[in-house]
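To keep things clear, I will list the structure first and then write my remarks on it.
The values are calculated or read from the model by the stated rules, or taken from the named source; none is laboratory data. Because the structure is predicted, anything quoted here is derived from the model rather than measured. All Cβ positions, glycine included, derive from the backbone under ideal geometry; neighbour counts span all protein chains shown. Side chains are part of the model used for accessible areas, which takes the heavy atoms of the whole protein and leaves out ligands, DNA and RNA. Shrake-Rupley method; radii C 1.70, N 1.55, O 1.52, S 1.80 Å.
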Amino acid sequence: MPKVLVPIAEGFEEIEAICIIDILRRGGIEVIMGSLDARLSVKGAHGVIMQADRPIKGLSADDLDMIVLPGGWGGTKALASDATVQNLLKEMDSKGKNIGAICAAPFALNAAGVLKEGYTCYPGIEEEIEVSGFQGDKHAVVESANVMTSRGPGTAICFGLAIVKKLVGKASYEKVRDGLLAGYCETL
C-alpha cells in the first residue's frame, strides 16, 4: 500500500487537505497527516481544526511514496519556512519520489528548489515563484517530472483522483471517481 504524507500547518486550506486525504484513503492509499511540531491539533485558514496523526519530524523519503502539500497562504508560508519540510522535499526529489502541491503550496516547493518548469497554482501565486512555465488554467492538474500541481479548492477532488491514478492505477481511480460522481475531472 503506497504511503503519502500530507503535512498540515496553521492556516492550511481545509477543503484541499480534507479532499486529498479522503480521496487517497478511498483509493487504498495510507495517508499520514503530519504536524510541524508536537501539537497535533492544527487550525486551518477558516477555523476548522484537524487532528494530525503525528509530527513530521523523524520521517524520511524512505518512509514515503509521496508528499502532498495543501495550500492556504498561512499554511504554505509555514511549510516554506519549516526546515524539516524543506529538507524532506529535497530528499524526496533527489530520490525521484513523487511530490504534489495545490493552490499556494507550489510556493513551498519553489522554496525547496524542487518545483519543475511546467506547473500550476492559485492565480497570482505564480508571481511569487521564480520557476518559469506557469500553465495557468489550461489544466486542473499539471505533471512535470516527479511533481504534480493543481490550482485550488475547486480542483482538489480532481487532484486527489490524479494522485490515486498515479499511485495505485486506473481501476482504483475509476472506482473512486465514479463513487464521487466526479466524471467532470476527465474534462478539466
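Computed extension gain for residue 87 through residue 30, at 0.36 nm per residue and net of the alpha carbon distance, reaches 18.3 nm.
First check a/c for the range 51-150, with a ≥ b ≥ c the square roots of the eigenvalues of its C-alpha gyration tensor; if it is under 1.5, answer rounded, and if not, answer prolate when a/b is larger than b/c or oblate otherwise. Prolate, since a/c reaches 1.5 and a/b exceeds b/c. By the Cβ distance rule of under 4.7 Å, the chain has these cysteines without a partner: 19, 103, 121.
Nonpolar atom fraction for the range 148-188, defined as the carbon and sulfur part of the 1.4 Å probe accessible area, stands at 55 percent.
For residue 117 and residue 94, the FRET efficiency from 1/(1 + (r/R0)^6), where r spans their Cβ atoms and R0 equals 25 Å, is about 0.90. Here the chain is treated with +1 on each Lys and Arg Cβ and -1 on each Asp and Glu Cβ, and its dipole about the Cα centre works out to around 440 debye. The mean accessible area for residues of the chain, using a 1.4 Å probe and ignoring ligands and nucleic acids, is 43 Å² per residue.
Each part gets one Cα centre, and for the range 12-58 versus the range 126-141 those centres are 25 Å apart.
Taking a straight Cα-Cα cut-off under 18 Å and skipping sequence neighbours fewer than 8 places away in the same chain, the aspartates and glutamates within cross-link reach of residue 95 are 62, 63, 65, 143. For residue 128 and residue 57, the difference between the fully extended length at 0.36 nm per residue and the C-alpha to C-alpha distance is 22.8 nm. Between residue 144 and residue 39, residue separation times 0.36 nm minus the direct Cα-Cα distance comes to 34.4 nm. Assuming charge only on the beta carbon of Lys and Arg (+1) and of Asp and Glu (-1), the dipole of the range 88-188 about its Cα centre is about 480 debye to the nearest 20. Listed options for Rg and Dmax of the Cα atoms in Å are (i) 14.7, 41; (ii) 16.6, 60; (iii) 15.5, 45. The value calculated from this structure is the one marked (i).
In terms of distances greater than 21 angstrom between alpha carbons, the cross-link table entries 3/97; 3/170; 90/170; 97/166 yield 90/170.
Using every pair of distinct Cα positions in the range 91-188, the Kirkwood expression returns a hydrodynamic radius of 13.6 angstrom.
Its DSSP H runs of at least 4 residues, each contributing -39,500 (n - 2.57), put the calculated 222 nm mean residue ellipticity of the chain at -10500 deg cm²/dmol, to the nearest 500. Listed by chain and number, the aspartates and glutamates placed with their C-alpha closer than 15 angstrom to that of residue 57 are 37, 82, 91; residues fewer than eight positions away on the same chain are left out.
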